[in-house]
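Below is one structure, written out as structure tokens, with a few remarks after it.
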Amino acid sequence: MLSVSGLTVSYGAVLALRGVSLEVGRGELVALLGPNGAGKTSTLGALMGLCRAGGAVCLDGEALLGRAPEKIVRLGMTLVPEGRRVFGGLTVEENLRLGGAVQRDEAARRRQYAEVYALFPVLEERSGQLAGSLSGGEQQQLAIARALMSGPRLLLLDEPSLGLAPKVVDTIFGLIDRLRASGLTILLVEQNVDRSLEIADRGYVLVGGEIVLAGTAGELLQSQDVQRAYLGLAS
Amino acid sequence: MDILIQNLINALALGGTYALLALGLALVFSIMGLINLAHGELMTIGAYALYFMILWAFPFWLALVGALLCAVVAAVLMERVAFRPVRDASMATMLLTSFAVSAILQVAYQNLISPRPLPVAMPSFLGGAVEIGSLQVGMIQLLALGCTAALLLLLVWVFRYTAFGVAMRAAAEDFDTTRLMGIRANALFAGAFALSGLLAGVAALFWVAQRGSVDPLMGFLPVLKAFIAVIVGGLGSLVGAVAGGFLLGAIEIALRALLPSDLLPYRDALSLLLIILVLLVRPQGLMGRRREGVR
């Protein structure tokens, strides 16, 4: 579904990504792992058109590089950004409404609301509250729900466990697992290697702007390299 | 008592005009990071449109609509021609660009229209006063007050309930994330400028009605005041900008009413002094927000 080859991103003279290639197949949950500063967020930024990049990115045969983020969302790929980035001064309902801004069809939008509220009941309870008043875990749920409102085929998640208590992380990973079970294709960026590989089909390990390792979740979990070199750094 | 109410109405009318201008500035700033020094020239262009349409004997209501339309179109053009090419540039570049736009427009008004103030023939009923009980209220103040209140209510409705308004608030808070919702950046910029142009146009109508003339530098003073209002309200806060506008209007009218006549020439200095006091107590402005969340 998504195929990335030779992706490069540079900030001034600093090369943040040195030719990243990866594939995400339909219905797969693929984890992109790596320590802080490995280039995970840059990868997602490049995919979504938020920063200038070289290489090639194809979503179902459609070239994405050079397109604006708003266009890419309309093509069916949505990002849940790092740090959640919910609109704190807007209500939960308004956040969701914005997420569904690309839905022109009123009936489809209503279906989307029902689906999202079924998946995240706490958001329906709090629909009139300001998003800024929610707890971290609730905000993360809102950020995911907001992204789902656009009806994506491929969901990109940037460190959904960041800054959350272990119990809340359980909830979030449980939700991601359910989303995958419902047939959604997901690219999950995480530092939390163990938890991610528990639910992922496959994974890539990104270090210093390069993919240093790729394999099925099982292979990566067993790999001494991952355990020693990157898990240690990451956790 | 009467004098108090009279001054209250004056304060609300003047503050309302500042509030409209400040809201337009704050909107563009929070969405684009642009401090638009050419905002005053949007007022001026609206005022010139009014002048010419009255001169060419259009019906007065049509001249009003024409002036507003002209300010809106000019604002959208300004964004398209001058600001869109530099929108990824640094804040200093954008600031200088807006300074250039302002200077170019002022010189254009001076050379193509007239360097001198031109009298705008407002209909005579605007010069009158309305008696409410024992109270005499200027027609213009009353209209300005009513129109500002109606417009602000309308804006509250737009910002709260329409897709356009919710997107504007979101973009003012976090522009990149708003684009991730699939909302087009160019539409947001155009929308912000169109709205700020409309607000500048309305403010221009009140300003011209008050003074009866239009000149190339007309926009400078009120927009300077509006900048102060934005800062006092808290840079980046839309509600704060409106509050700052009303506060500044109230301070100016209060000083005008209370100061002994030999101190009157210093009233602008004194009102700025009060503003500085406000900022000493609340450096982030009345409703300035602290940066929150992880970026």
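One line per residue, one yes/no per condition, for (1) closer than 21 Å to residue B:193 by Cβ; (2) under 17 Å from the mean Cα position of the chain (by Cα):
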| site | (1), (2) |
| --- | --- |
| B:1 | no, no |
| B:9 | no, no |
| B:12 | no, yes |
| B:25 | yes, yes |
| B:28 | yes, yes |
| B:35 | yes, yes |
| B:39 | yes, yes |
| B:54 | no, no |
| B:59 | no, no |
Given the conditions (1) on the phi > 0 side of the Ramachandran plot; (2) crowded, with 16+ Cβ neighbours inside 10 Å, which single one is not true for residue B:201? (1)
Qualifying positions in the range B:168-191 - of a type in the set (A, V, I, L, M) and either open to solvent by less than 10 Å² (accessible area, probe 1.4 Å) or within 25 Å of the chain's Cα centre (by Cα) (or both): B:168, B:170, B:171, B:172, B:180, B:181, B:185, B:187, B:188, B:190
Note on the range A:69-96: residues within 9 Å of chain B (Cβ to nearest Cβ), open to solvent by 30 Å² or more (accessible area, probe 1.4 Å), farther than 20 Å from residue A:17 by Cα and assigned to a loop (DSSP other than H, G, I, E, B) are A:84, A:85, A:89
Kindly indicate whether residue B:12 is buried (at least 22 other Cβ atoms within 10 Å of the Cβ) and assigned to a helix (DSSP H, G or I). no
The correct count of residues that are loosely packed, with under 12 Cβ neighbours inside 10 Å and closer than 30 Å to residue B:33 by Cα in the range B:100-155 is 3
Exactly one of these conditions fails for residue A:124: (1) more than 30 Å from residue A:53 (Cβ to Cβ); (2) open to solvent by 30 Å² or more (accessible area, probe 1.4 Å); (3) within 12 Å of chain B (Cβ to nearest Cβ). Give me its number. (3)
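So that you can scan it fast, the table gives a plain yes or no per residue for (1) farther than 18 Å from residue A:160 by Cβ; (2) surrounded by fewer than 17 Cβ atoms within 10 Å (Cβ to Cβ); (3) acidic (Asp, Glu); (4) facing chain B (nearest Cβ under 10 Å):
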{"site": "A:98", "(1), (2), (3), (4)": "yes, no, no, yes"}
{"site": "A:107", "(1), (2), (3), (4)": "yes, yes, no, no"}
{"site": "A:114", "(1), (2), (3), (4)": "yes, yes, no, no"}
{"site": "A:120", "(1), (2), (3), (4)": "no, no, no, no"}
{"site": "A:129", "(1), (2), (3), (4)": "yes, yes, no, no"}
{"site": "A:134", "(1), (2), (3), (4)": "no, no, no, no"}
{"site": "A:142", "(1), (2), (3), (4)": "no, no, no, no"}
Being surrounded by fewer than 21 Cβ atoms within 10 Å (Cβ to Cβ) and part of a helix (DSSP H, G or I): is that true of residue B:17 here? no
Would the range B:248-265 turn up any residue that is in a helix (DSSP H, G or I), crowded, with 19+ Cβ neighbours inside 10 Å, hydroxyl-bearing (Ser, Thr, Tyr) and modelled with pLDDT under 90? no
Within the range A:49-66, does at least one residue satisfy the condition of being facing chain B (nearest Cβ under 8 Å), open to solvent by 40 Å² or more (accessible area, probe 1.4 Å) and among the aliphatic types (A, V, I, L, M)? yes
Candidate set: the range A:20-29, residues that are in contact (Cβ under 8 Å) with a residue 24 or more places away in the chain and among the charged types (D, E, K, R); chosen: the one least open to solvent (accessible area, probe 1.4 Å): A:28
Assuming residue A:3 fulfils every condition listed in (1) surrounded by 23 or more Cβ atoms within 10 Å (Cβ to Cβ); (2) touching a Cys at 6+ places or on another chain (Cβ under 6 Å); (3) among the small types (Gly, Ala, Ser); (4) in a strand (DSSP E or B) apart from one, which condition is it? (1)
Is it true that residue A:104 is of a type in the set (Lys, Arg), out of contact with any helix residue (DSSP H, G or I) (no Cβ under 9 Å at 6 or more places or on another chain) and more than 20 Å from residue A:169 (Cα to Cα)? yes
List pairs: first residue in the range B:152-181 and within 10 Å of chain A (Cβ to nearest Cβ) and closer than 20 Å to residue A:51 by Cα, second residue among the acidic types (Asp, Glu) and open to solvent by 10 Å² or more (accessible area, probe 1.4 Å) anywhere in the structure, Cβ distance under 7 angstrom, at least six positions apart or on different chains. B:179/A:70
Report the residue count in the range B:20-58 for those that are open to solvent by 10 Å² or more (accessible area, probe 1.4 Å), of a type outside the set (Gly, Ala, Ser) and outside any helix (DSSP H, G or I). 4
Please pick out the residue among A:32, A:44 that is touching a residue at least 60 places away in the same chain (Cβ under 8 Å), within 13 Å of another protein chain (Cβ to nearest Cβ), out of contact with any His (no Cβ under 6 Å at 6 or more places or on another chain) and not hydroxyl-bearing (Ser, Thr, Tyr). A:44
Please verify whether the range B:212-231 includes one or more residues that are surrounded by 14 or more Cβ atoms within 10 Å (Cβ to Cβ), over 16 Å from the mean Cα position of the chain (by Cα) and part of a helix (DSSP H, G or I). no
Of the numbered conditions (1) open to solvent by 40 Å² or more (accessible area, probe 1.4 Å); (2) closer than 17 Å to residue B:189 by Cα; (3) hydroxyl-bearing (Ser, Thr, Tyr), residue B:97 fails exactly one; give the number of that condition. (1)
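The values are calculated or read from the model by the stated rules, or taken from the named source; none is laboratory data. On a predicted model such as this, the values are computed, not experimentally measured, just so you know. A quick note on method: Cβ atoms are made from the backbone with ideal geometry, for glycine too, and the neighbour counts reach across all protein chains shown. Heads up: the accessible areas ignore ligands, DNA and RNA and are worked out on the full protein's heavy atoms, side chains in. Shrake-Rupley method; radii C 1.70, N 1.55, O 1.52, S 1.80 Å.
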